[in-house]
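In what follows, a structure is listed as C-alpha cells, so that the remarks can point back to it.
The values are calculated or read from the model by the stated rules, or taken from the named source; none is laboratory data. Since this is a predicted model, take the numbers as computed values, not measurements. Cβ placement follows ideal geometry from the backbone for every residue including glycine, while neighbour counts extend to all protein chains displayed. Just the protein is used for accessible areas: all its heavy atoms, side chains included, with ligands, DNA and RNA removed. Shrake-Rupley method; radii C 1.70, N 1.55, O 1.52, S 1.80 Å.
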Amino acid sequence: MEAIRHIDEIRQTVDKLKKQGKTVGFVPTMGALHEGHLSLFRLAQQRADEVIVSIYVNPEQFGPGEDFDEYPRSLDEDLALCSEEGIAAVFVPTDDVMYPGKRFLRIEVDELNDHMDGKSRPGFFEGILLVVNKLFNIVKPDIAVFGQKDIQQFRILEQMVTEFNHDVELIMGPIKRANDGLAMSSRNAYLKEDQRRRAPGLYRSLRYVKQQILDGATNIGLLLDHQKKELEAKGFEIDYLEVFSFDRVAPAGEVTSGNKYILAGAVYLGETRLIDNLIVET
Ligand code: AMP
C-alpha cells in the first residue's frame with residue numbers, strides 16, 4: 001500500500017485503477033483511526049472495487065481556541081491499519097499541498113449551517129466543504145463514505161454534491177459504538193478515566209428520548225429539558241440536545257408522523273466535546 005503526499009501522484013494512482021476498469025471508493029479522515037473509520041473502509045470496499053483513504057488534519061475546519069494542535073496524530077499506526085484493511089492508497093497531503101499560496105475564494109454554507117454544530121462552531125462546515133471539495137476534485141472517486149456520527153456534515157456534503165454537480169455517490173455509514181454505547185471518536189482519547197465511564201450517558205439519553213417519541217410522547221420540549229437536567233446532574237455541560245428536521249437540520253417544533261428527524265446532542269465532559277445522534281423515523 002502506498003502513502004502518497006502529492007496531488008499528481010494520487011491522481012496517477014486513481015487513473016491507473018480506473019484504466020483497469022475498477023471503481024474507486026474514497027473515505028476522507030483526519031487520522032487517529034479507530035473502529036468507526038474502519039467500518040467506513042469496509043462499507044466502501046463493499047461498494048467499490050478499490051478504496052482510497054485520506055488522512056489530513058484540516059486546519060481550515062478548526063476555530064480559534066479549538067484543538068487543532070492537540071488533535072491526536074498517529075500516522076504510522078494509521079498506515080499499518082490501512083494496509084491491514086486492504087486500502088489501495090492513502091493520501092497524506094501536507095498543508096503546503098492542500099493550501100499553497102493565498103486564496104481568493106471562499107465557500108459559504110447557508111441555512112443548513114444555522115443550527116446544531118454549524119451554530120456552535122462558526123466556520124467549521126465552511127472548512128469541511130472547502131477541503132472535501134478539493135479532495136473530490138483531486139481523487140475523483142465514484143463513491144465516498146462518511147459517517148452518520150457527523151450527520152450535519154453529511155447533509156451539507158450531500159447538498160454540495162448536488163449543487164456543485166460532483167460526479168460522486170455519497171454513502172452514509174452507521175455510527176460504530178464501544179460496547180457501552182459510546183460513539184467512537186478520535187477525541188475520546190482526551191477523556192479521563194471517570195469521564196470515559198460517564199460518557200455513554202449521552203447515548204442513553206438519546207435512546208430514551210427516541211423510545212419516548214416512538215411511543216407517542218408529544219411534549220418533546222419537556223422530555224428534552226428533563227434529559228438535559230439529568231445529564232447536567234451527571235456532570236455534562238450541554239451544548240444542545242434537540243430534535244432537528246432531517247432535510248433542513250432545523251429544530252423541529254413538533255414531531256409528526258411519517259417524517260424523518262435527527263435527535264442529536266453535543267455535550268462537554270471537561271474540555272472534551274462529544275457529539276452523538278439517532279435518526280428517528282416516525
Ligand atoms: P474524522 O477522522 O473524525 O474526520 O472522521 C472521518 C469520518 O469517519 C467521518 O465521515 C466521520 O463521520 C466518520 N466517523 C467518525 N466516528 C465514527 C464512528 N464512531 N462510526 C462511524 N463513522 C465515524
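The figures follow:
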{"quantity": "Alpha-carbon centroid distance for the pair segment 159-233 / segment 58-106, whole angstrom", "calculated": "25 Å"}
{"quantity": "Residues of type lysines that residue 18 reaches as a straight line, Cα spacing below 16 Å, ignoring anything fewer than 8 places off in the same chain", "calculated": "140"}
{"quantity": "Residues in segment 169-193 that a label on residue 237 would reach, taking backbone N under 12 Å of a point 7 Å out along Cα→Cβ", "calculated": "none"}
{"quantity": "Projected-area mean, the chain, by convex hull of Cα positions, square nanometres", "calculated": "15.3 nm²"}
{"quantity": "Segment residue 22-residue 106, length gained on full extension (0.36 nm per residue, minus Cα span)", "calculated": "26.9 nm"}
{"quantity": "Within-15-Å neighbourhood charge of residue 8 [Cβ basis; K, R +1; D, E -1]", "calculated": "+1"}
{"quantity": "Per-pair calculated FRET efficiency, R0 = 25 Å: residue 95 and residue 180 via Cβ, rounded to 0.05", "calculated": "0.10"}
{"quantity": "The chain - percent of accessible surface contributed by carbon and sulfur, probe 1.4 Å", "calculated": "46 percent"}
{"quantity": "Using alpha carbons only: equivalent-ellipsoid semi-axes of segment 20-83, gyration tensor based, whole Å", "calculated": "26, 13, 10"}
{"quantity": "Förster radius 41 Å - calculated FRET efficiency between residue 2 and residue 211, Cβ distance, rounded to 0.05", "calculated": "0.30"}
{"quantity": "Kirkwood estimate for segment 93-224, i.e. one over the average of 1/r between Cα atoms, Å", "calculated": "17.7 Å"}
{"quantity": "Net charge, residue 206 excluded, C-beta distance under 11 Å - Lys, Arg +1, Asp, Glu -1", "calculated": "+1"}
{"quantity": "Length added when fully stretched, residue 170-residue 246, from 0.36 nm per residue minus Cα-Cα", "calculated": "25.7 nm"}
{"quantity": "Ranked packing of 85-91, 105-111, 165-171, most packed first, by mean Cβ within 10 Å", "calculated": "85-91, 165-171, 105-111"}
{"quantity": "Taking the convex hull of Cα positions in segment 239-282, its mean projected area over all directions (nm²)", "calculated": "3.1 nm²"}
{"quantity": "Cα Rg, Dmax, segment 208-282, angstrom units", "calculated": "12.4, 38"}
{"quantity": "Neighbourhood net charge (13 Å Cβ-Cβ; Lys/Arg +1, Asp/Glu -1) for residue 216", "calculated": "-1"}
{"quantity": "Listed pairs 149/228; 134/192; 22/134 exceeding 28 Å between Cα atoms", "calculated": "134/192"}
{"quantity": "Dipole-positive endmost among 219, 244, 199 within segment 186-276 (Cβ charges, Cα centre)", "calculated": "199"}
{"quantity": "Descending semi-axes in Å of segment 48-146, equivalent ellipsoid built from Cα gyration tensor", "calculated": "25, 17, 15"}
